[in-house]
1. Out of (1) assigned to a helix (DSSP H, G or I); (2) buried (at least 16 other Cβ atoms within 10 Å of the Cβ), what's the single condition that is false for Lys111?
2. Is at least one residue of segment 210-217 of a type in the set (Ser, Thr, Tyr) and in a strand (DSSP E or B)?
3. With respect to Asn129, is the statement that it is surrounded by fewer than 20 Cβ atoms within 10 Å (Cβ to Cβ), within 16 Å of the ligand (Cβ to nearest atom) and not in a helix (DSSP H, G or I) true?
4. Taking the residues in segment 49-72 that are over 27 Å from Phe294 (Cα atoms) and either among the acidic types (Asp, Glu) or away from the ligand (no atom under 16 Å from the Cβ) (or both) as candidates, determine which candidate is most open to solvent (accessible area, probe 1.4 Å).
5. Filter segment 237-283 down to the residues that are assigned to a helix (DSSP H, G or I) and aliphatic (A, V, I, L, M) and list them by number.
6. So if I check each of Ile243, Ile230, Ile309, Ile263, which one is within 16 Å of the ligand (Cβ to nearest atom), open to solvent by less than 50 Å² (accessible area, probe 1.4 Å), in contact with a strand residue (DSSP E or B) (Cβ under 9 Å, 6 or more places away or on another chain) and at pLDDT 95 or above?
7. For His79, state whether it is crowded, with 22+ Cβ neighbours inside 10 Å, under 21 Å from Ile53 (Cα atoms) and either within 16 Å of the ligand (Cβ to nearest atom) or of a type in the set (S, T, N, Q) (or both).
8. Run Ile120 past the list (1) more than 14 Å from the ligand (Cβ to nearest atom); (2) open to solvent by less than 60 Å² (accessible area, probe 1.4 Å); (3) not in a strand (DSSP E or B) and report the number of the one that doesn't hold.
Amino acid sequence: MKLITLSIIPMFLLVLSILIFSLVGCSPPDPSGTPKSFTPKKLLHEVYSDHFIIGAAVASSEYGSMDYFDKKYPNLLPHYNSLTAENAMKPEVIQPLKGSFNFAPADRIVKYAAANDQKIRGHALVWHNQTSSWMTEGTKEDVRENMKNHIETVMNRYKDSIYSWDVVNEAVSDQGSYRADSPWYVAYGGPEYIIDAFKFAKEVDPECKLVYNDYSVVRPSKRYDIMTMIKKLELQKHGLSGIGIQAHWNLYYPELEELQRTIDLFHQMGLEVHITELDIDCFDGIGNTENRKFDNDLAKRLADRYEEIFELFRKNSDKISSVTFWGIADDHTWLDYFYNSTWNAGKKLKNYPFVFDEDHRAKEAYKRITEF
Ligand code: 9MR
């Protein structure tokens, strides 16, 4: 008798829901169907004006094939009160040959931002990647001089526009301790290059927020290594004032508790927290499927994830200075080529990491982070 009652209840609920949907003249939502998109009503940075700066990384034709951001996103750019060059300010782009500077792509971003009342977060001065080899060749003194000149020239040029720089990027290895195969580390024979980078940057602009930026900062072992590096090298004495948490995350990673612990740790050390490269990989963590459709089910999961992350950000707005998305809309994301933990040049597998879709319309995720 009990069994019969139990099996009747779900059946009854199913019949009831079909009845209700047919009465109101629509069909029940299809989890695999195409999600609805809409024209965004509120500007993201206005919604967050009491919390933190809202930024986005933009491409400025720095590699020829990349579109001009201002031509591509005229309707979405007003959502951000800060811009970051996705590549245009990196060493290999801005100083490909010694003493030969290519400022045009970066200038375009800085000019646009100034005309539209937006700030700029600079990315990145000293990095093992996207840095021409000449910069780290020669004696330690040569390399030190190269770094000094680079930092001085680039920072001075954009001094009035850039409120925060990623001075050193990704100097800690995933295996623990320093990234010893970084050409900077090799040329210096140790991690002192990190101290020099902050010293030089502080000399140019003591007012600028100088940041150490990295990925996987939320992982307990890596945040411990970063904390240790900051203390050992006394980076705060040399100008460090913020931690950049890159935030290349997915639907499961990181756990909110770990994120909270990470924010608390660096805040307690007296550092500003910058969320610098936010995107949510929709497939990593769920078996990295090749069948990559953005359907209703995924739209809801992404929206749930954005909602919980931004709720946590808002709770920590006294500690967080800026939140920058690593792109604007789903039609341009590095994640289309980064899967299975590797860069797959030319082999695109679509991802949908943002709150704006490929047609620049708002997704459910946008609604969840703007209505609270
Ligand atoms: O988004 C950037 C992509 O266009 C470049 O090809 C790539 C090359 O390394 O760098 C990407 O940006 C990276 C950022 O500068 C540092 N953190 C990781 C980002 C994603 O790889």
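1. All conditions pass for Lys111, except number (2).
2. The answer is yes; a qualifying residue exists.
3. yes
4. Once the filter is applied, the top-ranked residue is Asp50.
5. Residues satisfying the conditions are Leu256, Leu259, Ile263, Leu265.
6. Answer to the selection: Ile243.
7. Answer is no for this residue.
8. With respect to (1) more than 14 Å from the ligand (Cβ to nearest atom); (2) open to solvent by less than 60 Å² (accessible area, probe 1.4 Å); (3) not in a strand (DSSP E or B), Ile120 is out only on (3).
The values are calculated or read from the model by the stated rules, or taken from the named source; none is laboratory data. No experiment lies behind these values; they were computed from the predicted model shown. All Cβ positions, glycine included, derive from the backbone under ideal geometry; neighbour counts span all protein chains shown. To get the accessible areas, we keep the full protein, side chains included, count just its heavy atoms, and leave off ligands, DNA and RNA. Shrake-Rupley method; radii C 1.70, N 1.55, O 1.52, S 1.80 Å.
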